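Peer 1: Please read through the structure below; I'll follow up with questions.
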Amino acid sequence: MKEETRRLYLKAGDQVYHSRFPEWGFGVVVEERNSEVLGGMSYVRVVFRNGYTRVFDNNFANSCCCYYAGIRKYSGKRV
């Protein structure tokens, strides 16, 4: 049986911000989902301070990963 290795960026509880949309404010990852199907999706659900919940791809191997879209982990210092 073939195995798949996913390179995940975020996990539940991570604090994040979007570098291209600072008006969204900071967010918290409230859910992480990973498909058990080979080649399936991995995504995270993030609740931002502006009250909206947004869903992002969470797999570094995919060009649509939330990291490439501008989501950054908040480490106490915002660049």
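The values are calculated or read from the model by the stated rules, or taken from the named source; none is laboratory data. Since the structure is predicted, the reported quantities are computational estimates derived from the model, not experimental observations. When we count neighbours, we look across all protein chains shown, and the Cβ atoms used for this are built from the backbone with ideal geometry, even at glycine.
Peer 1: How do the pairs read when you match residues in the range 32-50 that are touching a residue at least 24 places away in the same chain (Cβ under 8 Å) and over 13 Å from R6 (Cα atoms) with residues anywhere that are exposed (fewer than 15 other Cβ atoms within 10 Å of the Cβ) and among the acidic types (D, E), using Cβ under 8 Å and keeping only pairs 6 or more apart or on different chains?
Peer 2: Close Cβ pairs satisfying both conditions: V44/E31; N50/E23.
Peer 1: Answer with yes or no whether Y67 is at pLDDT 95 or above, within 15 Å of R7 (Cβ to Cβ) and not basic (K, R).
Peer 2: In short, yes.
Peer 1: Take F56 and decide whether it is surrounded by 13 or more Cβ atoms within 10 Å (Cβ to Cβ), more than 10 Å from the chain's Cα centre (by Cα), of a type in the set (F, W, Y) and modelled with pLDDT of 90 or more.
Peer 2: no
Peer 1: Right, something else. Please determine, by comparing only the residues of the range 19-48 that are charged (D, E, K, R), in contact with a strand residue (DSSP E or B) (Cβ under 7 Å, 6 or more places away or on another chain) and surrounded by fewer than 16 Cβ atoms within 10 Å (Cβ to Cβ), which one is nearest to L8 (Cα to Cα).
Peer 2: That would be R33.
Peer 1: Under 7 Å between Cβ atoms, which residue pairs at least 6 apart in sequence (or on different chains) link something in the range 61-72 that is within 12 Å of M41 (Cβ to Cβ) with a partner that is surrounded by fewer than 12 Cβ atoms within 10 Å (Cβ to Cβ) and small (G, A, S)?
Peer 2: No pair meets every condition.
Peer 1: Moving on to the next point. Could you count how many residues in the range 5-22 are part of a strand (DSSP E or B) and modelled with pLDDT of 95 or more?
Peer 2: Number satisfying all stated conditions: 4.
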